[in-house]
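Asker: I have a structure I would like to understand better, so I am pasting it below and will then ask my questions one at a time.
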Amino acid sequence: MLYYIYIPSISYIIYRLYKHFFPAKNIDSRGKYVLISGCDTGFGHSLAIELDNLGFNVLAGVYTADNKETLTTKLSSRATVFKLDITNQQDIDVAFTLVKSKTSSLHALVNNAGIANGGLIDWISLATIRQVMDVNFFGHVAMTKTFLPLLLTEPNSRVVNMSSAAGYLAAAGASAYSSSKYALEAFSDCLRREMAVWNLHVSIIEPGFMRTPIIEGISEQMQKLWNNHVVNESKERWGDDYFSDWVREGSKIAKETADNPMKVVTAMCHAVTSSKPKIRYRPGWQSSMFCYPLSLAPVWFVDLFIGLGQRKMALPSGVIKRKRT
């Protein structure tokens, strides 16, 4: 019986050691074009600079026009920075014309743009859920479908999709975000399997909490949601005490566990530059050593574990009122 345990374990250790000491070679960056969305700040901004330094021809899309000049000054003359709203097909079509005027072959498409509007299902509007899906899912689908012809002209091109640990482990308060990332994961798997015959690589990046402006602004974002967008009926149902505890606990977990964002940029860079990119990258300890193993546990255990944090919080006003009747 032990034979069936030891052999796979030893084989896996040998495989990991081999990958560590004999990594796959990087591709030659000369003449290679890489298109990245969401380069205003964060991962996309840093990745554009990193790939530019490595000699790639970077095509960087920014959502805000003011960020175009800022990023341009940080890149070489090979790079092109342009305004891009991935939820606007006209913007995507203009970008396609621009890219095609420079090259007939795209080495990599990095679908990085994204938003992270949080809140309980009873608090957020249907419009908010649709907005998150438009950016985090449909926008990337539109980009992929539009630029696919340029990705299929040569073998070993690749699509890199920015997902999240929330794309395989859904937690309370992240319904819109998790739904968009679960959808992107499924789309990525389908794309990889459909395009295998073309030798098009598809990589998925699945980080946990990282030290980014989004993490720093969680409390303010939630307070704005509660004050301006949650309907009075829902406010009465949950109560100010529950909301305050929710914001406190959520902000505490996010800020105390947030990891170095450069780990994500390094993973994205590997997906673009390696001759053998991985299918899934889980940068940081949260995704690789905590979230992913937890996602494999029985559902009842995951529910119990995630629910532990709520025991520290006040009961919703409606629950207290229900108990009194």
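Values in this text are rule-based calculations from the coordinates and carry no lab data. Predicted model only: the values in this text are computed from it and were never measured. Don't worry about glycine lacking a Cβ; one is built from the backbone with ideal geometry, like all the others, and counts go over all protein chains shown.
Asker: Does anyone have the angle between helix 240-257 and the longest principal axis of the chain? Alpha-carbon axes, 0 to 90°, nearest 10?
Answerer: For helix 240-257, the angle is close to 40 degrees.
Asker: Lysine pairs in the range 240-325 8 or more apart or on different chains: how many have alpha carbons under 30 angstrom apart?
Answerer: The result is 11.
Asker: Next question. Quick one: compute the contact order of the chain, relative version, from alpha carbon pairs under 8 angstrom and 6+ residues apart, as a percent.
Answerer: Numbers: 499 pairs, mean separation 55.7, N = 325.
Once divided by the residue count of the chain, the mean separation gives 17 percent.
Asker: For the chain, list log₁₀ I(q)/I(0) at each q in 0.07, 0.10 Å⁻¹, using the Debye formula over Cα point scatterers of equal strength and ignoring solvent, two decimals each.
Answerer: -0.33, -0.64
Asker: Right, here's the next one. In nanometres, what is the gap between the two model label sites at Ser125 and Cys190, each 7 Å from Cα along Cα-to-Cβ?
Answerer: Taking the two extended label points, one gets 2.9 nm.
Asker: A follow-up question, please. Helix 218-228: angle to the longest alpha-carbon principal axis of the chain, degrees 0 to 90, nearest 10?
Answerer: 60
Asker: Taking every pair of Cα atoms in the range 98-240, average 1/r, invert it to obtain the Kirkwood radius, and report Rg/Rh to two decimals.
Answerer: 1.07
Asker: Let me spell out the model: positive unit charges on the Cβ of Lys and Arg, negative unit charges on the Cβ of Asp and Glu, origin at the Cα centre of the chain. What dipole size does that give, in debye rounded to 20?
Answerer: So the dipole magnitude of the chain works out to roughly 700 debye.
Asker: Within a Cβ distance under 14 Å of Gly318, other residues only, what is the Lys/Arg minus Asp/Glu net charge?
Answerer: +1
Asker: Give a residue-ordered list of calculated ³J(HN,Hα) values for the range 119-136 (Karplus: 6.51 cos²θ - 1.76 cosθ + 1.60, θ = phi - 60°; whole Hz; x for Gly, Pro).
Answerer: x, 5, 4, 6, 9, 8, 8, 5, 4, 5, 4, 5, 5, 5, 5, 4, 7, 7
Asker: Arrange Ser77, Ser37 by Cβ neighbour counts within 10 Å, fewest through most, would you?
Answerer: Taking fewest neighbouring Cβ atoms as first place, the list is Ser77, Ser37.
Asker: With 5 Å bins from zero, work out the P(r) of the range 196-259 over every alpha carbon pair and list the percent per bin.
Answerer: Taking all Cα pairs of the range 196-259, the binned fractions are 4, 14, 20, 16, 12, 10, 8, 5, 5, 4, 3, 0 percent.
Asker: Over all pairs of distinct alpha carbons, what does the Kirkwood formula give as the hydrodynamic radius of the range 135-218, in Å?
Answerer: Taking every pair of different Cα atoms in the range 135-218, averaging 1/r and inverting gives 13.8 Å.
Asker: Set the Förster distance to 51 Å, then compute FRET efficiency between Thr73 and Leu304 from the Cβ-Cβ distance, nearest 0.05.
Answerer: The computed FRET efficiency comes out at 0.50.
Asker: Starting from 0 in steps of 5 Å, tell me what percent of the Cα-Cα pairs of the range 257-317 lands in each bin.
Answerer: 4, 15, 17, 16, 15, 13, 10, 6, 3, 2, 1, 0
Asker: Does anyone have the angle between helix 139-151 and the longest principal axis of the chain? Alpha-carbon axes, 0 to 90°, nearest 10?
Answerer: For 139-151 against the chain, the angle is about 10 degrees.
Asker: Using square roots of five times the C-alpha gyration tensor eigenvalues, list the equivalent-ellipsoid semi-axes of the range 242-281 in whole Å, biggest first. Walk me through the numbers on the way to the answer.
Answerer: On the way: eigenvalues 240, 19, 7 Å².
Its equivalent ellipsoid spans semi-axes of 35, 10, 6 Å.
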